[in-house]
Amino acid sequence: MSVNNARRFVEKLRPDQNFHKKVLGLIVCILLSMSCSLVYAGMAIAPGSTLPEFEIEMPTLPEMRAYLGIKGGRAFSLPQIPAKLIVVEFFGIFCPKCHQNAPIANQLYKSIKEDKELSKNIKMIGIGLASKSKEIAVYKQKFKVEFPLFPDPQKKAKTKSKVKHVPLTIVIDKSGKVLMSHLGVIKNLDAFLGEIRKHHRALEYRIEASL
């Protein structure tokens, strides 16, 4: 074998300088994809699914019933709320991440309330899974929660929704279809609110097109 042929042979065996970077990039993409899949696989309420209907204790405060647009009775369900979109935060009374997410959820509620268009069509509630009324009252006072919070003493919401990990914030339409689902603390509130605005605009366009 000549020197030139030997050199070419060695160069063929030598790995591409970008080879390791390409492999590393591929591994990162695969891991990210698996991570997202595992997150949604662990979530009982993923985007595109339908939130099962369950009973919620009727709020005793008139202003809370007025905000939600529901009448009296022992209980109500989410489809009874006359809103185009409903934001639901599932949380746990003793969950540290839920405590961390509480002020963020408060800000989300305020942002929706202060927007003329969103406030007319979107309502927000919180459900303390497997919690009691007294626990909800303490939680609401401690974290100064302004939107309606509801207990789940008989674990109806926990059982029907099959939510295992909290905090879980979802956005559903009138039919109960899940449009958005975020597991964990909302770290980018502006982006989350932006997604809500997109779904709201899309819903408005569909309604206008059907007229």
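The values are calculated or read from the model by the stated rules, or taken from the named source; none is laboratory data. The structure presented is a predicted model; accordingly, all values stated were derived computationally and were not measured. Quick reminder, even Gly has a Cβ in these numbers, built from the backbone with ideal geometry, and neighbours come from all protein chains shown.
Numbers for the structure displayed
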{"quantity": "Of residues in region 153-186 being assigned to a helix (DSSP H, G or I) and of a type in the set (D, E, K, R), the one farthest from the chain's Cα centre (by Cα)", "calculated": "Lys156"}
{"quantity": "Lone unmet requirement of (1) surrounded by 12 or more Cβ atoms within 10 Å (Cβ to Cβ); (2) under 20 Å from the mean Cα position of the chain (by Cα); (3) in a helix (DSSP H, G or I) for Arg201", "calculated": "(1)"}
{"quantity": "Selected residue (criterion: nearest to the chain's Cα centre (by Cα)) from residues of region 117-152 that are hydrophobic (A, V, I, L, M, F, W, C) and assigned to a helix (DSSP H, G or I)", "calculated": "Leu118"}
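Here is a yes/no grid of residues against (1) assigned by TED's automatic domain parsing to the domain that holds Ala83; (2) buried (at least 18 other Cβ atoms within 10 Å of the Cβ); (3) more than 27 Å from Pro62 (Cβ to Cβ):
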site	(1), (2), (3)
Asn101	yes, yes, yes
Asn106	yes, no, no
Glu114	yes, no, no
Ile122	yes, yes, no
Ile125	yes, yes, no
Leu168	yes, yes, yes
Val178	yes, yes, yes
